[in-house]
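Please read the structure below before turning to the comments.
Bear in mind these aren't lab numbers, they're just calculated from the coordinates by the rules spelled out. What you see is a predicted model; the values in this text were computed from it and never measured. Please note: Cβ atoms are built from the backbone with ideal geometry, for glycine as well, and neighbour counts cover all protein chains shown.
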Amino acid sequence: MTRWLDDDEQRTWRDFLAATQLVHEALDRQLQRDAGMPHAYYMILVALSESPGRRMRMSELARRAQSSQSRLSHAVARLEERGWARRERCPEDRRGNIAVLTEEGFDALAAAAPGHVEEVRRSLFDVLTPEQRSALSEICGAVRNTLEG
């Protein structure tokens, strides 16, 4: 038997979908306007910058970026064209590739970060009370833990 959403759940679900889409669009617009990159590229650069040696196996980077391997490969190719990343063969497994953040890529990320953080604040945190921020953190953590297994 289908457990249909009641009116409150339906309203919450639709508000969640709209809010997450609008925040993502605001972040993407800001990064395109101020840094000339889509949000997806920014997230790849962040993941690489936080990884030891600023390098990560492509399959792991795809997982972290919540992307398919083919979509990630295309994005990394665009980052390579800009000089922000390069690919190397994995020394342990010659079939695998490692994405490496270049100095130019790190500089692009560092230049983009202040505007991005300000947009995150403006679009999300500034409109919430401290109690709402705490509740949002708890809610997102519960959903993430369930779905990530």
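Counting every other Cβ atom within 10 Å of each residue's Cβ, CYS90, CYS140 order from fewest to most as CYS140, CYS90. For region 46-149, GluC sites (Glu not before Pro) are listed when DSSP marks them as loop and at most 11 other Cβ atoms sit within 10 Å of their Cβ; the list is GLU50, GLU92. Of the residues PHE16, LEU124, LEU101, the one whose Cα sits farthest toward the positive end of the charge dipole of the chain, with +1 on the Cβ of Lys and Arg and -1 on the Cβ of Asp and Glu, is LEU101.
How high is the relative contact order of region 25-148, in percent, with contacts defined as C-alpha pairs under 8 Å that are six or more residues apart?
Dividing the mean separation by the residue count of region 25-148 yields 25 percent.
Applying 1/(1 + (r/R0)^6) with R0 = 30 Å to the Cβ-Cβ distance of ALA110 and ASP15, what FRET efficiency is obtained, to the nearest 0.05?
Values: r = 35 Å, r/R0 = 1.16.
With a Förster radius of 30 Å, E is 0.30.
Is it possible to state the helix-based mean residue ellipticity at 222 nm for the chain, with each DSSP H run of 4+ residues giving -39500 (n - 2.57), the sum divided by total residues, to the nearest 500 deg cm²/dmol? What is it?
Details: 6 runs with 100 residues, N = 149.
Result for the chain, helices only: -22500 deg cm²/dmol.
LEU31: net charge of surrounding residues, Cβ under 13 Å, Lys/Arg +1, Asp/Glu -1, itself excluded? It works out to a net charge of -3. Helix 69-81 and the longest principal axis of the Cα set of the chain meet at an angle near 60°.
Using a cut-off of 13 Å between beta-carbons, work out the net charge of the residues near ARG82 (Lys and Arg +1, Asp and Glu -1, ARG82 not included). The partial results should precede the final answer.
Details: positive: ARG78, ARG86; negative: GLU80, GLU81, GLU103, GLU104, ASP107.
Taking every Cβ under 13 Å from that of ARG82, the sum is -3.
Just round it to a whole percent: the fraction of Cα-Cα distances in the chain exceeding 27 Å. If you can, show how the numbers build up before the last one.
Numbers: 3864 of 11026 pairs.
Percentage above 27 Å: 35.
Where the only charges are on Cβ atoms (+1 Lys, Arg; -1 Asp, Glu), what is the dipole of the chain about its Cα centre, to the nearest 20 debye? Provide the component values of the computation, followed by the final result.
On the way: 22 positive and 24 negative charges, 144 e Å.
I would put it at about 680 debye.
Could you work out which residue, out of ALA108, ALA47, ALA18, moves most in a Gaussian network model of the chain, that is, has the largest mean-square fluctuation with Cα springs under 10 Å? In the Gaussian network model the winner is ALA18.
Trypsin sites (Lys or Arg not before Pro), restricted to region 64-149: which are DSSP loop and have at most 16 other Cβ atoms within 10 Å? Walk me through the numbers before you get to the answer.
Values: sites: ARG64, ARG71, ARG78, ARG82, ARG86, ARG87, ARG89, ARG94, ARG95, ARG121, ARG122, ARG133, ARG144; in loops: ARG82, ARG94, ARG95.
Passing sites in region 64-149 are ARG82, ARG94, ARG95.
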